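K.L.:
Take a look at this one; I'll ask things after.
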Amino acid sequence: MPKAVKHVKGRMAPLDLADVDTDQIIPKQFLKRIERTGYGPFLFYDWRRRGNFVLDKAEFAGASVLVAGANFGCGSSREHATWALRDSDFQAIIAPSFADIFRANCYKTGLLAVTLPDSQVRHLIDLVSEDPTVQVTVDLEAQKVRGDGFEYRFEIDPFAREMLLKGLDEISLVERHSSAIDTYEKTRAEWLPSVS
């Protein structure tokens, strides 16, 4: 079950690239694992092997917010991409747009995907590129991204917002109704097929 997300406060890391696909986020050779954890060391593996990758720079170590270009998470629908980002301690991603399936996977994983206009994302990328110590707060309750001298409002699907605020996934949503399910199972017609 994902952790509840209400506020993400910390430093940002800039990934000033558009159309970053899930194959780049977590390459296919690392998809053989059956766990949902342990993917962090393979995040952006191919780009990191080339050297001088922005996320490997000391000044961005420990950043909790990734700021990226448009269409982030395009490509295949692998959940592993969001698992790798979470394992690398990112708690929020800010971009002008996300691939739909990737955004849904973020919410299921407890990773906050925030869409802001291009100009606001550009401001954040420029800001952190000039000063990597800049702190930002992504406030899911107020639906705002705040920093020194700026405040940007963002929209989010109300259902996804509730799931993130309460730390829920599909299984925990069903489990909330376990007593009603038990009652139904005890009273359902005998001619119906057995669930077990």
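K.L.:
Residues 142, 160: which one is of a type in the set (A, V, I, L, M), surrounded by 14 or more Cβ atoms within 10 Å (Cβ to Cβ), modelled with pLDDT of 90 or more and touching a helix residue (DSSP H, G or I) at 6+ places or on another chain (Cβ under 7 Å)?
P.N.:
160
K.L.:
Residues of the range 12-39 being more than 21 Å from residue 101 (Cβ to Cβ) and small (Gly, Ala, Ser), which ones?
P.N.:
Hits for the range 12-39 are 13, 38.
K.L.:
Can you pull out every residue in the range 145-157 that is in a strand (DSSP E or B) and open to solvent by less than 40 Å² (accessible area, probe 1.4 Å)?
P.N.:
145, 147, 150, 152
K.L.:
Which of the residues spanning the range 20-45 are in a helix (DSSP H, G or I) and either polar (S, T, N, Q) or surrounded by 14 or more Cβ atoms within 10 Å (Cβ to Cβ) (or both)?
P.N.:
Of everything in the range 20-45, those that are in a helix (DSSP H, G or I) and either polar (S, T, N, Q) or surrounded by 14 or more Cβ atoms within 10 Å (Cβ to Cβ) (or both) turn out to be 22, 23, 24, 25, 29, 30, 40, 42, 45.
The values are calculated or read from the model by the stated rules, or taken from the named source; none is laboratory data. Keep in mind the model is a prediction, meaning the values are calculated, not measured. Every residue, glycine among them, receives a Cβ derived from its backbone with ideal geometry; neighbour counts consider all protein chains shown. Just the protein is used for accessible areas: all its heavy atoms, side chains included, with ligands, DNA and RNA removed. Shrake-Rupley method; radii C 1.70, N 1.55, O 1.52, S 1.80 Å.
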